[in-house]
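Engineer: Pasting a structure below so you can have a look.
The values are calculated or read from the model by the stated rules, or taken from the named source; none is laboratory data. What you see is a predicted model, and the numbers here were worked out from it, not measured in a lab. Note that each Cβ is placed from the backbone with ideal geometry, even for glycine, and that neighbours are counted across all protein chains shown. Accessible surface is based on the protein model in full, side chains and every heavy atom, while ligands, DNA and RNA are left aside. Shrake-Rupley method; radii C 1.70, N 1.55, O 1.52, S 1.80 Å.
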Amino acid sequence: MSNKKKKSSSINQVLTQMVLDIFEQNGNTPLNYKQVSSILNIRDPEARNTILDILEDEAFKQVLKEVSPGKFQLIELKTFVEGIVDLTNDGSAFIVTDDVDESDIYVAPRKLRNALNGDRVKVYVYAKSKGSRKEGEVIEIINRAKMEFTGIVKLSDRYAFFIPDDRKMMHDIFIPMGELNGAKNGIKAVAEITDWPAQAKNPVGRIKHILGVQGDNDTEMNAILAEYGFPLSFPAEVEHDAESISADITPQEIAKRRDCRDITTFTIDPFDAKDFDDAISFKILENGNYEVGVHIADVSHYIIPDSALDKEAFDRGTSVYLVDRVIPMLPERLSNGLCSLRPNEDKLCFAAIFELDEKANIVNEWFGKTVIHSNRRFTYEEVQEVIETKEGDYKYEILKLNELAYILRDRKFKNGAISFETTEVKFILDEKGRPTGVYVKERKDAHKLIEDFMLLANRKVAEFVSKKGKGKQKYTFVYRAHDSPKPDALASFATFAARFGYKINTKSDKETAKSLNHLMEDVEGKKEQNVLTHLAIRSMAKAIYTTKSSSHYGLAFDHYTHFTSPIRRYPDVMVHRLLQHYLDGGQSVNADHYEKMCQHASQMEKRAADAERASVKYKQAEFLKDQIGTIYSGVISGVTEWGMYVEIIENKCEGMIRLRDISDDFYTLDEKNYQIIGQRKKKVYRLGDEVKIKVKNVDLTKKQIDFSLVQD
């Protein structure tokens, strides 16, 4: 048998897979080597013997069983599954399958066959796995998640290697000397894998872009963008398309729209905003009610479907907001020019206009294209000052809008919406982009005023389309959906919150929301606020874009969409187009086509969020790199089997204390109770506990901060 094993090790894997597929395709009917050969149209005697070797070898590996002399059968049908590679730190992986009821499949490093993190693969699942854990091996790489990586070029006299930044990329990339593209030793660059020979340990690649000197701010920010697959510039064709668009607003175009230019209108945005994609109009009607218009930049007027500009916007999916810059979804000509609702200029919009009474009840609603003329560009700070002092430009309009927003907000929470007030960290940067300070951004009434009217527009647009058609005849639309949390995740969070004295009632969605809101109010300003808020959010499902009309749990809306930011979100462009199509009397569009677009938009949104977090982590590391040895108070924000994360109270920077570095005992993770326990002295460190830490080490390349515990 050993000779056959040795011989089969050199047999082409594709042929082995073809043989096993035959049993699947033939309903697992017992077959001998002659029958398998016949199905494969193999007549050569030597090749037929190879088929016999495969059958016997797979029987030895317990993939097949010999049910009668010479006849074989799969031990277990449906032993092949597809899934996504989730690589671990030791080089092994778990394959996350498409079937939510299927457990992840463990694959040892040598069985990955060069599959990389995030790749879609086909896996053979062993019939006999160890314990309750399913195990298998990769037999086919269906799609690579990425072929480009950021990292450092290392040169020698005769060859070069590229060392990727991505910790889950376990292989250096071999770069032939002719493929360096001018890269020097130690430079940061983007490399593309071009080949991976069957027997080679390392892939072969080429240097695609040179990013610059490691540690330089522009280099590192561009590296983050490249790492997450966001282009560093727009293609020339896209820029040309944008520059070719006329800025003229013709009388013919105005005639097609509701003219709101004589109605008081203003924008409210951050002080450093360069694009203004939403404006509020306000008017008192003769009956004493209020007309409030939510006017959104009419991006769909300027972007023609399937044009180069449209395809680029779809591919990007979203603008990306790093610590020190915005990478726009649209070229500057559109995002900061044509589509930006700048003051004292006529602008084309798509609007949701509401007639509200004194109690913010909707008396009438209207959706359609408008032309506006913004009277004033406000910052949040300026509006907040008007709210607090009751003095300033357009004080009546602002105070009345704030009053109506309060009613809408209160009603939303009474209906079961959840108020998650997470802290947003902002950095003070010098002229070279280096962080000199950190502060927490406050959300005040001015921010909430705009948010509440945007929520109203989003909800009402979604409701308007959802009422068109019934059952299977419902009109296809792009919704923003948010599932209710899984009961076990919620129960786990409730147990943890109880340790801090907070009670979570999980009897119904409404009771859960009510008690979560009480919790959020109670923890505000306390040291455990961030930990409990983040844990609560983690217990929730993730919001996605979908054509499947489903509710938004966090907002307690039966229908919800994204209508209000088409400059920076492609789904909003889709929503504008569909809404106009239906307003024009169009029939429902193809749901499958739009669902695929929604899935792409959700993926790009996640990728952008990951890039934004990476930029924050880099700036946190950069801020602390000159503070090695400094002692801070912090709160334990996460626990793992190898360490505990601590967030510094003063500046919100997060780092890790490795368990091996805590010298007074041997600590292990108690995952169920979010804590680590000393095995001898039984000392416990729990999530949310306050500890003193010292900054031990900072690795800018890995965006890692290491702390040591300062014990009493």
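Engineer: How do 366, 642 rank by accessible surface area computed with a 1.4 Å probe, from largest to smallest?
Structural biologist: 642, 366
Engineer: Mind listing which chymotrypsin sites (Phe, Trp or Tyr not before Pro) in the stretch 385-475 are in a DSSP loop and have 15 or fewer other Cβ atoms within 10 Å?
Structural biologist: 420
Engineer: Regarding the stretch 223-275, what are the three Cα extents along the principal axes, ordered largest first, in Å?
Structural biologist: Cα spread of the stretch 223-275 along its principal axes, largest to smallest: 47, 30, 14 Å.
Engineer: Ok, one more. Roughly speaking, what is the stretch gain from residue 489 to residue 406, that is 0.36 nm per residue apart minus the C-alpha to C-alpha distance, in nm to one decimal?
Structural biologist: 26.7 nm
Engineer: Where both residues lie in the stretch 30-189, what percent of DSSP beta bridges are antiparallel, nearest 5?
Structural biologist: 90 percent
Engineer: Let me ask something else. Once you have the Cα-Cα distance between residue 592 and residue 67, take 0.36 nm times their residue separation minus that, and quote the gain in nm to one decimal.
Structural biologist: Value of the extension gain: 184.5 nm.
Engineer: Report the charge-dipole magnitude of the chain in Debye, nearest 20, computed about the Cα centre from +1 at each Lys and Arg Cβ and -1 at each Asp and Glu Cβ.
Structural biologist: Dipole of the chain, to the nearest 20 debye: 2440 debye.
Engineer: Still on this model: For log10 I(q)/I(0) by the Debye sum over Cα atoms at q = 0.06, 0.07, 0.09 Å⁻¹, one of [x] -0.36, -0.49, -0.83; [y] -0.34, -0.46, -0.74; [z] -0.46, -0.62, -1.01 was computed from the structure I shared and the rest are decoys. Which label?
Structural biologist: Correct label is [z].
Engineer: Set Lys and Arg Cβ to +1 and Asp and Glu Cβ to -1, take the dipole of the stretch 73-205 about its Cα centre, and tell me which of 202, 149, 83 lies farthest positive.
Structural biologist: The residue sitting farthest along the positive end of the dipole is 202.
Engineer: Let me ask something else about it. Say each of residue 286 and residue 104 gets a label point 7 Å from the Cα, pointing the same way as Cα to Cβ; how far apart are those two points in nm?
Structural biologist: Roughly 6.6 nm, to one decimal.
Engineer: Using the charge dipole of the stretch 429-489 (Lys, Arg: +1 at Cβ; Asp, Glu: -1 at Cβ; taken about the Cα centre), state which of 481, 437, 466 has its Cα farthest towards the positive end.
Structural biologist: About the Cα centre, the residue reaching furthest to the positive side is 466.
Engineer: Now for a different question. Quote the accessible area belonging to residue 597 in square angstrom, nearest 10, computed with a 1.4 Å probe and with ligands, DNA and RNA left uncounted.
Structural biologist: 30 Å²
Engineer: Can you give the Rg/Rh ratio of the stretch 222-332, where Rg is from the C-alpha atoms and Rh is the Kirkwood radius?
Structural biologist: Here Rg/Rh amounts to 1.05.
Engineer: Between 0 and 90 degrees, rounded to the nearest ten: what's the tilt of helix 45-60 against the longest Cα principal axis of the chain?
Structural biologist: Around 70 degrees separate the two axes.
Engineer: Taking the Cα centre of each part, how many Å lie between the stretch 90-119 and the stretch 377-446?
Structural biologist: If we compute the Cα centre of each part, the gap is 45 Å.
Engineer: Sticking with this one: In whole Å, largest first, what are the principal axis extents of the Cα atoms in the stretch 407-473?
Structural biologist: 57, 27, 17
Engineer: Over the stretch 339-496, what relative contact order in percent results from Cα pairs under 8 Å that are six or more residues apart?
Structural biologist: 15 percent
Engineer: Okay, moving on. Normalised by the residues of the chain, what does the relative contact order come to in percent, with Cα pairs under 8 Å and at least six apart?
Structural biologist: Here the relative contact order equals 8 percent.
Engineer: Could I ask something else about it? Ordering 441, 359 from largest to smallest accessible area (1.4 angstrom probe), what's the sequence?
Structural biologist: Ranked list, largest accessible area first: 359, 441.
Engineer: Taking Cα pairs under 8 Å and at least six residues apart, what relative contact order does the stretch 211-285 come out at, in percent?
Structural biologist: 16 percent
Engineer: Same structure, new question: Expected output is a single nm value to one decimal: the length gained when fully extending between residue 518 and residue 244, i.e. 0.36 nm times separation in residues minus the C-alpha distance. What is it?
Structural biologist: The residue 518-residue 244 span can extend by a further 93.3 nm.
Engineer: To the nearest 10 Å², what's residue 559's accessible area with a 1.4 Å probe?
Structural biologist: 40 Å²
Engineer: Where Lys and Arg each count +1 and Asp and Glu each count -1, what net charge lies around residue 605 among other residues with Cβ under 14 Å from its Cβ?
Structural biologist: It works out to a net charge of +4.
Engineer: Let me ask another. Please report Rg over Rh for the stretch 441-482, where both radii come from the alpha carbon positions and Rh follows the Kirkwood definition.
Structural biologist: Using Cα coordinates only, the ratio equals 1.19.
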